[in-house]
1. Per-residue counts of other Cβ atoms within 10 Å, averaged by peptide: what ranking do you get for 95-108, 193-206, 120-133, highest first?
2. Return the long-range amide H neighbours of Val175 (sequence gap of 5 or more, or a different chain), with a cut-off of under 5 Å between placed amide H atoms.
3. Could you order peptides 70-79, 142-151 by the average number of other Cβ atoms within 10 Å of their residues, highest first?
4. Calculate, in nm to one decimal, what Asp92 and Gln14 gain on full extension: separation in residues at 0.36 nm each, minus their alpha carbon distance.
5. Might you work out the accessible area of His34 for me, using a 1.4 Å probe with all protein chains in place, and round it to the nearest 10 Å²?
6. Summing Lys, Arg as +1 and Asp, Glu as -1, what charge do residues with Cβ under 15 Å from the Cβ of Gly152 carry, Gly152 excluded?
7. With a 1.4 Å probe and every protein chain left in place, work out the accessible area per residue of the range 7-85 in Å², rounded to a whole number.
8. Largest first, what is the accessible-area ranking of Lys177, Lys56 with a 1.4 Å probe?
Amino acid sequence: MTSPNRVTLFYSPQTRATGARVLLEELGAPYDLHVLNMKAGEQRQPAYLAINPLGKVPAIRYGDALVTEQVAITIFLADLFPQAALAPSLDDPLRGPYLRWIAYAGSSFEPAVVDRFMQREPGPIAMSPYADYDTMLGALEAQLARGPYLLGDRFTAADVLWGIGLDWTMTFGLVPKKHAFVRFAERVTSRPAFQRVSAADAEMAAQHAAAVGG
Ligand SMILES: N[C@@H](CCC(=O)N[C@@H](CS)C(=O)NCC(=O)O)C(=O)O
């Protein structure tokens, strides 16, 4: 039986849930994994749709709270384990920029990258949530060029979200391998937490593929 005050992460390897697991590792937080084999379609079974009606990971449960969406999970977890100091406190001048860049990942970067992947035109600039792709990415590049981390010298939970997001999107050719992006993503993915999760993910993904005979 899972302790009510322990984080359960609904998880599938090599997905957006990887970032949530890396964050838990960076936080030194105790957690349990509830693994879904997406290759077997477990994310679309009623049991999981009761957790997240969208059938998407990551999701977390903490006590009675269910949290979905990477952005919310990043903010929630980093605040839940303040001893790890990965979230600027409410009165820290970095708190606003920290929230800004976490929200930017979900509200501007994700829709832009998905449009690009689907080869969809964003439509008129005033109607697009991210203006246009180049402007959206240019703002991110300018922020990262200040480095070494998104908010300057301080490593935060926002870096976990962005380091992994950029690593994936560059790998899939959805984001150009600009120096500022590559240098930043390497800084995050070379950390022990990412390395551990990445190795475990490779093993788990192979098991999932084997379980469905592929
Ligand atoms: N809006 C969600 C998106 C999460 C998402 O797209 N997850 C993908 C994995 S990378 C997923 O669960 N896909 C499974 C499916 O739709 O069948 C978030 O920010 O967390």
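1. 95-108, 193-206, 120-133
2. For Val175, whose amide H was placed from the backbone, the distant partners under 5 Å are Met170.
3. Ranking, from highest mean packing down: 70-79, 142-151.
4. Fully extending the segment from Asp92 to Gln14 adds 24.7 nm.
5. Accessible area, nearest 10 Å²: 80 Å².
6. After counting each charged neighbour, the total is +3.
7. 44 Å²
8. Lys177, Lys56
The values are calculated or read from the model by the stated rules, or taken from the named source; none is laboratory data. What you see is a predicted model; the values in this text were computed from it and never measured. Reconstructed Cβ throughout: ideal geometry from the backbone, glycine too, with neighbour counts over all protein chains shown. Surface accessibility is based on the protein's heavy atoms, side chains included, excluding ligands, DNA and RNA. Shrake-Rupley method; radii C 1.70, N 1.55, O 1.52, S 1.80 Å.
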